[in-house]
Amino acid sequence: MMATPVFNKLRAERGLFPFAKTGAELDAYVKARVAYYRTLAKDFGLNVAVAK
């Protein structure tokens, strides 16, 4: 789906940037981003809850 011209047109119309991660690659990316944002929150003195 992500490689179709229709999807690219809809994405562009909505001002979204290309993002084609799926599966294990997406899972790893999300986990890395969450860890990064958790560190930023801690650095700013925010109370960080960890979901289990």
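Where a number appears in this text, it was derived from the coordinates with a stated rule and is not lab data. Given the structure is predicted, the values throughout are model-derived calculations rather than measurements. Positions of Cβ are generated from backbone atoms using ideal geometry, with glycine treated the same way; all protein chains shown enter the neighbour counts.
Computed quantities for the displayed model
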| quantity | calculated |
| --- | --- |
| Residues satisfying the stated conditions in the stretch 23-52, i.e. surrounded by 10 or more Cβ atoms within 10 Å (Cβ to Cβ) and among the polar types (S, T, N, Q) | 39 |
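Yes or no, residue by residue, for (1) in a loop (DSSP other than H, G, I, E, B); (2) basic (Lys, Arg):
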residue	(1), (2)
1	yes, no
16	yes, no
19	yes, no
24	no, no
29	no, no
33	no, yes
